[in-house]
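For reference, the structure discussed in these notes is given below.
Throughout, read-outs are computed from the coordinates displayed, never taken from laboratory work. Owing to the predicted nature of the structure, the values given are computational and were not obtained by experimental measurement. Note that each Cβ is placed from the backbone with ideal geometry, even for glycine, and that neighbours are counted across all protein chains shown.
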Amino acid sequence: MLKTRLAPTPSGFLHLGNAFSFVLTWLWSRRHGAELFLRIDDADTQRVRPSYLEDVFYTLDFLGITPDSGPASVSEFEANYSQKHRQELYMTAFEQLKAQKILFFCVCSRAQLAQKQACLCKDKPCSQAEGAWRLDTEVIGYQEIIDWKAGAHNVHLHRQMPHTVIRKRDGGLAYQLCSLMDDLHFGINVVIRGADLWASSAIQLALAKQLRCKDFLDAVFYHHPLLLTDNGEKMAKSHGSDSVHNWRKSQSVRAVYETLASLLALPKPHLVCSLKDLEEASAFLIWPKIALEYE
Ligand SMILES: [Zn+2]
């Protein structure tokens with residue numbers, strides 16, 4: 001059984017790019033008969049706000065998307081699905097990576113690292129108590145990703161995400177490890193995400209290789225094109241005009257579908273008024289066939 005997920009991070013109000021990603025993932029899951037799971041990345045407790053968490057559910061409601069599994073409300077999420085409940089799982093993986101000597105302890109700040117272009121903590125034991133655990137991307141080198149649509153790509157980890165933080169200064173486990181462990185925990189075998197996350201996929205695959213997580217290494221990856229702002233920039237979570245939050249107040253959902261239909265270059269986008277219409281109108285889109293083992 002194929003299982004994919006929507007994986008928002010409630011660190012800001014979702015924008016139309018997130019909505020685009022939700023709808024594409026939903027369309028993909030309907031086309032391939034995959035289960036759609038809602039998985040929320042709330043590990044970054046400094047940036048997560050209750051209103052942002054509520055916004056995830058409002059956005060899904062607004063778009064008319066009902067995931068097949070996962071939390072249906074904020075309270076259900078808090079009670080059963082929050083990453084707070086899986087700290088032990090993340091900690092075990094972290095200890096395993098540490099034992100493999102693929103991490104190093106680092107006291108540098110982000111600004112210091114950017115300035116020096118290199119971390120000086122790597123090869124010397126550090127006695128300071130406060131610091132982060134980073135992945136030694138220099139020893140990993142390249143990581144290959146097989147994308148369902150784009151084919152094989154090699155990502156140079158050290159150039160793209162030098163010394164990614166695995167355990168933060170405050171002791172919390174960072175996004176890359178929590179996200180990987182959650183996809184494994186919930187049995188996700190199709191990862192659909194925006195093209196801005198190629199490097200994240202590479203880091204997570206490199207971690208999965210270290211942890212010998214075959215299920216993640218065998219997962220299908222699809223990095224979809226990003227919806228850009230009018231200035232051609234990547235959208236950022238904000239209160240701005242691109243937020244679904246604002247769109248909900250000022251526009252009907254029909255306008256969202258029409259916009260998405262235009263972006264997908266569907267014929268007569270103005271006739272696309274609902275999720276159902278979008279599904280029907282996109283039936284002709286050529287979706288590459290998925291790897292045979294999942295057929
Ligand atoms: Zn350092």
| note | With N residues in the stretch 1-96, Rg(alpha-carbon) / (2.2 N^0.38 Å) equals 1.12
| So what are the ³J(HN,Hα) numbers for the stretch 33-43, from phi and the Karplus equation (6.51, -1.76, 1.60; θ = phi - 60°), rounded to whole Hz, Gly and Pro as x? | x, 8, 6, 10, 10, 9, 10, 9, 8, 10, 5
| said: Using each residue's phi in the stretch 134-145, evaluate 6.51 cos²θ - 1.76 cosθ + 1.60 at θ = phi - 60° and report the 3J(HN,Hα) Karplus result to the nearest Hz, with x for Gly and Pro. | reply: 10, 7, 7, 6, 4, 7, 7, x, 8, 10, 8, 10
| task | Kindly identify the stretch 121-260 as rounded, prolate or oblate by the Cα gyration tensor criterion: order the square roots of the eigenvalues as a ≥ b ≥ c, call it rounded if a/c is under 1.5, otherwise compare a/b with b/c, prolate if a/b is larger, else oblate. | result | prolate
| request: Quick one: dipole size for the stretch 15-98, taken about the Cα centre, charges +1 on Lys/Arg Cβ and -1 on Asp/Glu Cβ, in debye to the nearest 20. | output: 240 debye
| field | 5 Å-binned pair-distance histogram of the chain (Cα, whole percent) | value | 1, 5, 11, 15, 18, 16, 14, 10, 6, 3, 1, 0, 0
| message | To the nearest 20 Debye, how big is the dipole of the stretch 140-199 about its Cα centre, given +1 on the beta carbon of each Lys and Arg and -1 on that of each Asp and Glu? | response | 200 debye
| field | Check: the chain dipole with +1 on Lys, Arg Cβ and -1 on Asp, Glu Cβ, in debye | value | 680 debye
| Once the dipole of the chain is set up with Lys and Arg at +1 and Asp and Glu at -1 on Cβ about the Cα centre, which of Leu53, Ala72, Pro269 lies farthest towards its positive end? | Leu53
| request: Would you mind calculating the relative contact order of the stretch 1-148 from Cα pairs under 8 angstrom and at least 6 residues apart, reporting the percent as a whole number? | output: 19 percent
| task | Would you be so kind as to identify which of Leu38, Ser250, Gly194 lies farthest towards the positive end of the dipole of the chain, taking Lys and Arg as +1 and Asp and Glu as -1 on Cβ and the Cα centre as origin? | result | Gly194
| request: Kindly work out what percent of the DSSP beta bridges joining two residues of the chain are antiparallel, to the nearest 5. | output: 55 percent
| field | Computed over the chain: relative contact order in percent, which uses C-alpha pairs under 8 Å that are six or more apart | value | 20 percent
| Going down the table (Lys3/Lys214; Lys98/Lys209; Lys122/Lys168; Lys249/Lys276; Lys234/Lys268; Lys168/Lys209), which pairs top 18 Å between alpha carbons? | Lys249/Lys276; Lys234/Lys268; Lys168/Lys209
| query | What shape does the stretch 134-194 have by the C-alpha gyration tensor, where a ≥ b ≥ c are the square roots of the eigenvalues, rounded means a/c under 1.5, and otherwise prolate means a/b greater than b/c and oblate the rest? | reply | oblate
| field | Protection proxy ranking of 182-192, 137-147, 253-263 - average other beta-carbon atoms within 10 Å, highest first | value | 182-192, 253-263, 137-147
| task | Give the peptides 32-40, 244-252 in descending order of average Cβ contacts within 10 Å, highest first. | result | 32-40, 244-252
| task | Using label points projected 7 Å from each Cα along Cα→Cβ, tell me how many nm separate Val107 and Gln251, to one decimal. | result | 5.1 nm
| field | Asp196-Asp230 pseudo-label distance in nm [points 7 Å out on the Cα-to-Cβ vector] | value | 1.9 nm
| task | Could you pull out every one of the aspartates and glutamates with an alpha carbon less than 12 Å from that of Lys84, ignoring same-chain neighbours closer than 8 positions? | result | Asp41, Asp42, Asp44, Asp182
| request: Would you work out the relative contact order for the stretch 178-285, in percent, from Cα pairs under 8 angstrom that are 6 or more residues apart? | output: 18 percent
| said: On a full-extension model of 0.36 nm per residue, what is the gain between Gln96 and Tyr142, subtracting their alpha-carbon distance, rounded to one decimal in nm? | reply: 14.4 nm
